[in-house]
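**Q** One structure, as structure tokens, below. Some questions next.
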Amino acid sequence: MNARAHRIKVREVVSETAEAVSLVFDIPEDLGRRFAYSPGQFLTIQVPSDRTGSVARCYSLSSSPHCGDRPAVTIKRTPGGYASNWLCDNIAAGSIVTVLEPAGNFVPRNWNRDLLLCAAGSGITPVMSILKSALLLGRSKITLLYANRDRSSVIFAEQLRQLTQRYPRRLTVLHWLESERGLPTARGLAGLAKPYRGYEVYLCGPSGFTMVTRQALAQLRISERVIRQEEYRSLTENPFERPAPAPAPAATIAVTSAIASAAAPGADTAAVRVDIDGQTHQLAWPRGRKLLDVLLEHGIDAPYVCRESACGTCVCRVERGRTRMLMNEALIDEELAMGLTLACQTLPESDDLHITFDQ
Ligand SMILES: Cc1cc2nc3c(=O)[nH]c(=O)nc-3n(C[C@H](O)[C@H](O)[C@H](O)COP(=O)(O)OP(=O)(O)OC[C@H]3O[C@@H](n4cnc5c(N)ncnc54)[C@H](O)[C@@H]3O)c2cc1C
């Protein structure tokens, strides 16, 4: 069992629309620190299956940690989907679900930047958390561009109406309803987004929507550097079924807050020091192997969810040495410049490296 998985009680199930529910969690006091989260992050829920034992699905927290909300995720039924329908049909107040600790880096770092938030359907969930937090923590302007099938499918419609009344100068909500305007087009979205060209962009939803919105933003010449994206997709991995970390093998020297002598680099391996969870490990890092795979093989409990470079859970920092990533969908240029990398995609380039995980 994954050491970052916990059994959590659902306190309440809130019906948001005919197709979407929010699950409000009761986090026990002793897990409070582990379940501390930032606006925009997600939980990963284990859903039982007769076919595969279980599947894992990510759901963004729609609650704000800054507004006194209890942690909640909001799940919309996917037509023909498995887990979303199972959760909507089977979870009730008092149900116990197995959940991984919050993860993800779809998180604003500066609450005083003006924000253009673009969401479609259930893509509103992390955006709602960001929006509520920004209104409370910052003084910036926020525009939400929100696409839905029709009026009845707009999740959080009433909350948004109330917030626009409360913050008329700071919050603008622009609805795009397919029932009135057809599917969102790049031209139409660009027209709506044009007045907000200087804003930082947070974009979330299914791939069709994120694609057309990116086209709209490109038409407006909005730099990729200010765009953050969370794309909804189902996991192919099941991070719940990973074995518990094994005791470190002899090749690994694990010490607490002390530096062991580095494993010597060779033609096929680099030497890496990894600081994680208060421990330091000195490892030989085969040049063709991704860092996360190496850590897990050594029984080191590194965080991960998707293993496909999308979720940002395995983010770590290169303190010394050079690395390269095979794929990167999660980190923006600014974060790359800070030395951040995704362990699930990272290979060593130099001989001697130092990596830190920041939990
Ligand atoms: C970071 C992130 C955040 C997200 N946040 C949200 C959110 O806030 N709200 C939201 O609604 N969605 C969110 N999603 C999307 C969510 O994770 C799921 O992708 C979505 O709910 C669809 O999952 P599904 O299983 O219902 O549908 P699908 O994945 O389309 O279901 C079909 C899949 O399930 C398999 N399957 C079918 N039957 C079974 C069975 N009996 N046993 C095992 N497998 C089976 C099929 O083989 C197929 O692969 C998020 C995704 C990501 C990556």
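The values are calculated or read from the model by the stated rules, or taken from the named source; none is laboratory data. From a predicted model like this one, the values you see are computed outputs, not experimental measurements. When we count neighbours, we look across all protein chains shown, and the Cβ atoms used for this are built from the backbone with ideal geometry, even at glycine. For the accessible areas, the whole protein counts, side chains as well, though only heavy atoms, and no ligand, DNA or RNA atoms are used. Shrake-Rupley method; radii C 1.70, N 1.55, O 1.52, S 1.80 Å.
**Q** I'm trying to understand the selection: among the residues of region 95-137, which are part of a strand (DSSP E or B), out of contact with any Ser or Thr (no Cβ under 6 Å at 6 or more places or on another chain) and farther than 19 Å from Thr313 by Cβ?
**A** Just the residues of region 95-137 that are part of a strand (DSSP E or B), to begin with: 96-103, 115-120.
Narrowing further to those that are out of contact with any Ser or Thr (no Cβ under 6 Å at 6 or more places or on another chain): 96-99, 101-102, 115, 117, 119-120.
The answer is Ile96, Leu115, Leu117, Ala119, Ala120.
**Q** Here are Arg228, Arg233: which of them is within 30 Å of the chain's Cα centre (by Cα), modelled with pLDDT of 75 or more and closer than 20 Å to Arg317 by Cα?
**A** Details: Arg233 fails: closer than 20 Å to Arg317 by Cα.
Matching residue, one of Arg228, Arg233: Arg228.
**Q** Anything in region 52-76 that is farther than 18 Å from Cys88 by Cβ, at pLDDT 95 or above and either within 7 Å of the ligand (Cβ to nearest atom) or touching a His at 6+ places or on another chain (Cβ under 9 Å) (or both)? List them, or say none.
**A** The answer is none; no residue qualifies.
**Q** Among the residues in region 144-154, are any within 16 Å of the ligand (Cβ to nearest atom), open to solvent by 60 Å² or more (accessible area, probe 1.4 Å) and at pLDDT 95 or above? If you could, list the steps in order and put the result at the bottom.
**A** Kept after step one, since they are within 16 Å of the ligand (Cβ to nearest atom), are these residues of region 144-154: 144, 146-149, 153-154.
Checking the rest, the ones that are also open to solvent by 60 Å² or more (accessible area, probe 1.4 Å) come to 149.
From the residues that got through so far, the ones that are at pLDDT 95 or above too are 149.
Taking every residue of region 144-154 in turn, at least one turns out to be within 16 Å of the ligand (Cβ to nearest atom), open to solvent by 60 Å² or more (accessible area, probe 1.4 Å) and at pLDDT 95 or above.
**Q** Being on the phi > 0 side of the Ramachandran plot and loosely packed, with under 15 Cβ neighbours inside 10 Å narrows it down to one residue among Gly53, Gly32, Gly40, Gly104; which is it? Spell out the reasoning first.
**A** On the way: Gly32 fails: on the phi > 0 side of the Ramachandran plot; Gly40 fails: loosely packed, with under 15 Cβ neighbours inside 10 Å; Gly104 fails: loosely packed, with under 15 Cβ neighbours inside 10 Å.
One residue alone meets the criteria, Gly53.
**Q** Could you tell me whether any residue of region 63-73 is open to solvent by 50 Å² or more (accessible area, probe 1.4 Å), farther than 30 Å from Leu342 by Cβ and either assigned by TED's automatic domain parsing to the domain that holds Cys311 or part of a strand (DSSP E or B) (or both)?
**A** Among the residues of region 63-73, not one is open to solvent by 50 Å² or more (accessible area, probe 1.4 Å), farther than 30 Å from Leu342 by Cβ and either assigned by TED's automatic domain parsing to the domain that holds Cys311 or part of a strand (DSSP E or B) (or both), which makes the answer no.
**Q** Of all residues being among the aliphatic types (A, V, I, L, M) and closer than 18 Å to Ile124 by Cα in region 184-209, which is most open to solvent (accessible area, probe 1.4 Å)? Just the residue, please. It would help to see each step written out before you state the result.
**A** Residues of region 184-209 among the aliphatic types (A, V, I, L, M): 186, 189-190, 192-193, 201, 203.
Imposing the further condition that a residue be closer than 18 Å to Ile124 by Cα reduces the set to 189, 192-193, 201, 203.
Values: Leu189: 4, Leu192: 39, Ala193: 4, Val201: 0, Leu203: 0 Å².
So the residue we want is Leu192.
**Q** Hey, another quick one. Could you list, in sequence order, the residues of region 210-222 that are open to solvent by less than 60 Å² (accessible area, probe 1.4 Å) and either within 12 Å of the ligand (Cβ to nearest atom) or among the small types (Gly, Ala, Ser) (or both)?
**A** Thr210, Ala216
**Q** Specify the residue that is farthest from the ligand (Cβ to nearest atom); the eligible residues are those in region 107-136 that are polar (S, T, N, Q) and open to solvent by less than 10 Å² (accessible area, probe 1.4 Å).
**A** Within region 107-136, the first condition is being polar (S, T, N, Q), and the residues that meet it are 110, 112, 122, 125, 129, 133.
Next cut, open to solvent by less than 10 Å² (accessible area, probe 1.4 Å) only: 125, 129, 133.
On the way: Thr125: 3, Ser129: 10, Ser133: 16 Å.
In this case the residue turns out to be Ser133.
**Q** Which members of region 315-329 meet the condition of being within 16 Å of the ligand (Cβ to nearest atom) and open to solvent by less than 10 Å² (accessible area, probe 1.4 Å)? Write out each step before concluding.
**A** Step one: filter region 315-329 for residues within 16 Å of the ligand (Cβ to nearest atom), giving 315, 327-329.
None; the set is empty.
**Q** Do the conditions hold for Arg225, that is, is it more than 16 Å from the ligand (Cβ to nearest atom), in a helix (DSSP H, G or I) and either hydroxyl-bearing (Ser, Thr, Tyr) or open to solvent by 20 Å² or more (accessible area, probe 1.4 Å) (or both)? Can you show your working first?
**A** Details: more than 16 Å from the ligand (Cβ to nearest atom): yes; in a helix (DSSP H, G or I): yes; either hydroxyl-bearing (Ser, Thr, Tyr) or open to solvent by 20 Å² or more (accessible area, probe 1.4 Å) (or both): yes.
When the stated conditions are applied, Arg225 passes them.
**Q** For residues that are near the ligand (Cβ under 7 Å from one of its atoms) and open to solvent by 50 Å² or more (accessible area, probe 1.4 Å), tally how many sit in region 78-101.
**A** Quick first cut of region 78-101, residues near the ligand (Cβ under 7 Å from one of its atoms) only: 78, 80-85.
In the following step, the residues that additionally are open to solvent by 50 Å² or more (accessible area, probe 1.4 Å) were identified as 78, 80, 82.
The number of residues fulfilling the criteria is 3.
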